[in-house]
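Okay, so here's the structure we're looking at.
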2 protein chains.
Amino acid sequence: MNKISDKKIERIITYRRVLLRLDKQLGKTHVFSHQLASSSGASSAQVRRDLMEIGYTGSPAHGYEIRGLLDSIGEFIDPDQKEGIALVGVGNLGRAIIDYFNGQSSKLEIVTVFDVNPDKIERVISGCRSYHVKDLKPVIIEKKIKTAVITVPSGSAQSVADELIEAGVKGILNYAPITLTVPHGIYVENRDMITTLEKVSYFAKNNTNK
Amino acid sequence: MNKISDKKIERIITYRRVLLRLDKQLGKTHVFSHQLASSSGASSAQVRRDLMEIGYTGSPAHGYEIRGLLDSIGEFIDPDQKEGIALVGVGNLGRAIIDYFNGQSSKLEIVTVFDVNPDKIERVISGCRSYHVKDLKPVIIEKKIKTAVITVPSGSAQSVADELIEAGVKGILNYAPITLTVPHGIYVENRDMITTLEKVSYFAKNNTNK
DNA sequence: TTCACAGCGTTATATTTTTCACAATTTAAA
DNA sequence: TTTAAATTGTGAAAAATATAACGCTGTGAA
């Protein structure tokens, strides 16, 4: 398979979200590239290019058949079976993410959480069994978890990441305000909210266009 | 001023975070481009290019003087005076963001929050006065708020965005899983966690490299 | 003092990503 | 049946972004 870029994958996932709404909520059966584009912040050419990448073909007359396209995207993006995700750091943010995420994705689910606070371990938090961080490695290995979310303070984020990677995790979504150092082959997405909000504020005042 | 790209701004903000740590925690006075690069996930050429953009000059012998560079970045990025930010949607996520953010940024502060739940309005939540969403427009106008965070369910995100924009907001950080439609000149950053986690999971299993 | 070196600033080159543009296709109306 | 209109798929062009390359400068060792 040809390598496919970060941005493209993100757009394709967004198309799916839009398609699901068109299908389930609005009962549509077909959609044109420009409609998909305007509902997902892309251009119509971009949509056509992206769908070309996953090999789905529409018709000039009716556009894309929604159900079929959803299936194609699913085959392309989704794991073969349900996949468990771990979350480390059960603070406000961690808990918010668990509540917000679980139930929203068909194949992915946060199944295991870790913390250092004794009050928060060996319990069930929003349906997830919680463990002490010292047990991180064996638990992650045993559950064959490949994707993890880090919501710990910045001081411990790197060491948590190291342990996750040693335990076999290949993808990390990091909310700590620090740039993680990881080996090749490990995918990290940084979502530091402070940086983001500073950026938005910058462009709010330097809004020449976009 | 020349337009400067989204990515560049984000990197520059990240450099600042690294520089602050080097200064305050490690007591360093100078830093080389390759050090800044490895601590912020960029390349050294990128660092030099970015700093060129803001017009700060280092020396081949000692690299960049940290304090001076911090000042330059601040002049470039920061607003002239303290700036208030609004947050709409006081659920778990909203509250987590308020707690997480406030106190972390020198010039920005979430000062006003909105919700529709009567239990959550006309109170002080984590130091922020809360209002009913129906009062959004007058309050935003009165406080001259230009940047807002949306953490409401996807069904109401667009109408909230419309009102924010009518009230003069120019930058929106959107956590609702929907692509907002906004006029030209309004900057929107989408941070849907579901999309992000799906992407990370995808690259966790298709980890050819990065 | 002279030399070698390391790192800056900047221009040039390469790569990636987006947009443009248009032939081919399908429908619906004339 | 022919024509007109709209949209797809995709090569080609353009724009944006990242990397490489290199002269220049200051430092420290010989």
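For the reader, a short list of remarks on this structure follows.
- Residues considered: B:S126, B:S130. Of these, the only one that is within 14 Å of chain A (Cβ to nearest Cβ), among the hydroxyl-bearing types (S, T, Y) and either more than 14 Å from DNA strand C (Cβ to nearest atom) or surrounded by 15 or more Cβ atoms within 10 Å (Cβ to Cβ) (or both) is B:S126.
- Taken together, the criteria place B:L26 among residues that are surrounded by fewer than 21 Cβ atoms within 10 Å (Cβ to Cβ), farther than 28 Å from B:D162 by Cα and either among the acidic types (D, E) or outside the structural domain of B:S159 (by TED's automatic domain parsing) (or both).
- Residue that is nearest to A:H62 (Cα to Cα) [pool: residues in region A:5-40 that are within 15 Å of DNA strand D (Cβ to nearest atom) and either touching a Cys at 6+ places or on another chain (Cβ under 6 Å) or in a loop (DSSP other than H, G, I, E, B) (or both)]: A:F32
- Members of region B:43-91 found to be within 16 Å of DNA strand D (Cβ to nearest atom) and either within 11 Å of chain A (Cβ to nearest Cβ) or β-branched (V, I, T) (or both), listed by number: B:V47, B:I54, B:T57
- Region B:65-98: number of residues that are out of contact with any strand residue (DSSP E or B) (no Cβ under 7 Å at 6 or more places or on another chain), in contact (Cβ under 8 Å) with a residue 40 or more places away in the chain and part of a helix (DSSP H, G or I): 8
- If you check B:E198, B:E163, B:E189 for being more than 8 Å from chain A (Cβ to nearest Cβ) and surrounded by 15 or more Cβ atoms within 10 Å (Cβ to Cβ), only one passes: B:E163.
- Flag if A:F114 is out of contact with any Phe, Trp or Tyr (no Cβ under 6 Å at 6 or more places or on another chain), closer than 23 Å to A:G168 by Cα and among the hydrophobic types (A, V, I, L, M, F, W, C): no
- If the condition is being closer than 23 Å to A:L180 by Cα, out of contact with any Lys or Arg (no Cβ under 6 Å at 6 or more places or on another chain) and among the charged types (D, E, K, R), then region B:20-76 contributes B:R21, B:D23, B:K24, B:K28, B:R48, B:R49.
- Boolean, A:V200 is farther than 22 Å from B:R16 by Cα and assigned to a helix (DSSP H, G or I): no
The values are calculated or read from the model by the stated rules, or taken from the named source; none is laboratory data. What you see is a predicted model, and the numbers here were worked out from it, not measured in a lab. Glycine gets a Cβ as well: all are built from the backbone with ideal geometry, and neighbour counts include every protein chain shown.
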